[in-house]
Structure formats: structure tokens, C-alpha cells
1. ³J(HN,Hα) across segment 73-83 via Karplus (A = 6.51, B = -1.76, C = 1.60, θ = phi - 60°), whole Hz, x for Gly/Pro?
2. Amide H to amide H, which residues 5 or more places from ASP46 or on other chains are under 5 Å from it, using H placed in the peptide plane?
3. Long-range amide H contacts for SER58: which residues qualify at under 5 Å (H placed 1.01 Å from N, peptide plane, sequence gap of 5 or more or a different chain)?
4. Along the Cα-to-C-beta direction of GLU51, a point sits 7 Å from the Cα; which residues of segment 63-98 have their amide N less than 14 Å from that point?
5. Using 1/(1 + (r/R0)^6) with R0 = 25 angstrom and r between the beta carbons of GLN85 and MET63, what's the FRET efficiency to the nearest 0.05?
6. Mind listing the phi-derived Karplus ³J(HN,Hα) values for segment 98-104, rounded to whole Hz, using 6.51, -1.76 and 1.60 with θ = phi - 60°, and x for any glycine or proline?
Amino acid sequence: MNMRLPILGLVLSLAGANGVVAQTSAVGHELTQLSKDKWQWMADKDVGKLEPLFHDRSKFVHMGGTWGKAEELDIIKSGRIWYKQTDVHAAVSEVFENTAIVWSRITLHAMLGSNEVVTEFTVTEVFQRQGTAWKILDLTFSSVRDNHRIRE
């Protein structure tokens, strides 16, 4: 009889730990899906969906410079950079309480003015949970070779 209590405690501890892992995994999946949705909204130039996703003090690090939310939304809306298509080859996320990072390996098909470009990137997105919503704090494009891999 005395052995049942410690075993029950162990089982509940393991179940609790598994619950945390499942929750983190579910949040990670939610974030990688949100990241993929964002690429489509950028392709569609849907600043109405992007505006609430981007934190007011967010930064966007491109090959040609770094700027804030208003500039990024203007670039997307005006088509100065048209994110025509983003092929996501891999995405990995890690959650740290109310902050999360998503690393994505992508091929970006874009129009820069009248020039069509195809570029391989690893993109780092930093998210912060605010209430029930996730906000992007930072989105950084890192130019990479086509054999670059993201490891967990």
C-alpha cells in the first residue's frame, strides 16, 4: 500500500512533464504555421493581416538595410519588394516562456522593382506572446548557400 503513493506521484509527474512537452510542441507548431501564413500574406500584399502580427517596435533586417514596422508594411503594400512566393524547406521553433524563435530555411522568389530574384535564406523570426496573440519582434534574412541546413 505504501508503494502505491510514490508510484502514483511518479506517474503524475511524468504525465505532467509530457503535458508540458505536448504544449510546447503544439505552440511550436502554431508558430511555424503562423510563420508560413505570414509568407502568404506578404505574397498577397495583405497588410491588414500583417499589421497586427508585427509588433509596433519590430525590426526587419534585409540584405539592403534594417527598418521598422511602418517601412516594412509600406514596402509590402507598395510592391517595392514583392514577396511573390516563398518555398519553406524547413522550419524549427523553440519556445522560451512568452518568447519564441522560428528559424526557416527558404527560397524566396521576389520582385525588386522590375527585377525578379530568387534567393536562398535562413530567416530568423523572434515572436513574443502578448495576451493570446503572438507578435513578431524581429525578422532577419540571412543569405545562405543552398546546402545550408538547420539543426535542432
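Quick note: the coordinates plus some simple rules give every number you see, no bench work behind them. Predicted model only: the values in this text are computed from it and were never measured. No Cβ is skipped: glycine too gets one built from the backbone with ideal geometry, and neighbour counts run over all protein chains shown.
1. 5, 5, 4, 5, 4, 6, x, 4, 10, 10, 7
2. none
3. Here LYS69 satisfy the definition.
4. Zone members listed by number: 69-78.
5. The calculated FRET efficiency here is 0.90.
6. For segment 98-104, the Karplus-derived couplings read 9, 10, 9, 10, 10, 9, 10 Hz, x marking Gly and Pro.
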